[in-house]
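Structure first, then comments.
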Amino acid sequence: MIKVTIWNENRHEQTNPDVKEIYPGGIHNAIAGFLKEDFEVTTATLDEPEHGLTEEVLNNTDVLIWWGHLAHDDVQDEIVERVRNRVLDGMGFIPLHSAHGSKIFHVLMGTRTGELKWREADDTERLWVVDESHPIVDGLPDMIEIEKEEMYGERFGIPQPEELIFISWFSGGEVFRSGCTYKRGKGKIFYFRPGHETYPTYYQKEIQKVIRNAVKWAAPNPRSPKIHLGNVEPLEAIK
Ligand code: ZN
């Protein structure tokens, strides 16, 4: 069974009553709620020792989901480095929404991923599927409509996605690359845009399906061949 760790800074939930009302157990537990049917799920939060991301936890994680916003700078560099190393070694990584501004996403992308337009004005969002053969859109309609969301607009400061899965349209007129995949080392990464804390986005069935599909896609394959690197003998005599 795929082991998923959901990391959440869990700060808005403590300070903003509107957010607490939508996500009384925190965003991490809302996500855990729909993933635990299919996966072995644990959660971790910023205020736990080592942010809940000890070597042991990460070594037992196939896919790490990340939600952060207010407190990106409070994440210790040592933990960022630890997560990065696990991704390079094959752990899947799914940064959600404002995780675009996190240290770990910056480190993995190598660009200023915090650069984008934004607006909190109850825009309607439509996420259009632009890669219908991709496993992340398995079983989904060709467009997901979210009645109200925060707007994110281009230009988004990411490197060119290796695969672009969704493009969002917003009712205020902007567009955004909302579902992007990358590989870093042996690890697969899927950035997924929706999920502003004052909207109940993570209760929407299609959004849950995207995240569920993304976990399956990003998990390391236990049957992958072991590739031997470094200095090697020739397979036959070299003439
Ligand atoms: Zn937001």
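Per-structure values
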quantity	calculated
Tally, over segment 175-198, of residues that are more than 16 Å from the ligand (Cβ to nearest atom), part of a strand (DSSP E or B) and in contact with a helix residue (DSSP H, G or I) (Cβ under 8 Å, 6 or more places away or on another chain)	8
Residues being touching a helix residue (DSSP H, G or I) at 6+ places or on another chain (Cβ under 9 Å), farther than 19 Å from G114 by Cβ and exposed (fewer than 14 other Cβ atoms within 10 Å of the Cβ) - total across segment 155-169	0
Single unsatisfied condition, N221 versus (1) surrounded by 14 or more Cβ atoms within 10 Å (Cβ to Cβ); (2) closer than 16 Å to F93 by Cβ; (3) more than 15 Å from the ligand (Cβ to nearest atom)	(1)
Number of positions in segment 177-206 that are among the charged types (D, E, K, R), open to solvent by 30 Å² or more (accessible area, probe 1.4 Å) and closer than 25 Å to L70 by Cα	1
Cβ-Cβ under 6 Å pairs, at least 6 apart or on other chains, segment 156-167 side free of Cβ contacts under 8 Å to residues at least 60 places away in the same chain, far side outside any loop (DSSP other than H, G, I, E, B) and among the hydroxyl-bearing types (S, T, Y)	E162/T181; E162/Y182; E163/T181; F166/S178
G172 vs. criteria small (G, A, S), surrounded by 22 or more Cβ atoms within 10 Å (Cβ to Cβ) and either in a strand (DSSP E or B) or over 16 Å from the mean Cα position of the chain (by Cα) (or both)	no
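Conditions (1) open to solvent by 20 Å² or more (accessible area, probe 1.4 Å); (2) touching a residue at least 40 places away in the same chain (Cβ under 8 Å); (3) in contact with a strand residue (DSSP E or B) (Cβ under 6 Å, 6 or more places away or on another chain), marked per residue:
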| position | (1), (2), (3) |
| --- | --- |
| L140 | yes, yes, no |
| G153 | no, no, yes |
| Q208 | no, yes, no |
| A214 | no, yes, yes |
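The values are calculated or read from the model by the stated rules, or taken from the named source; none is laboratory data. What you see is a predicted model; the values in this text were computed from it and never measured. Glycine also receives a Cβ, built like all others from the backbone with ideal geometry; neighbour counts cover every protein chain displayed. Note: accessible area is taken over every heavy atom of the protein model, side chains too, but ligands, DNA and RNA are not part of it. Shrake-Rupley method; radii C 1.70, N 1.55, O 1.52, S 1.80 Å.
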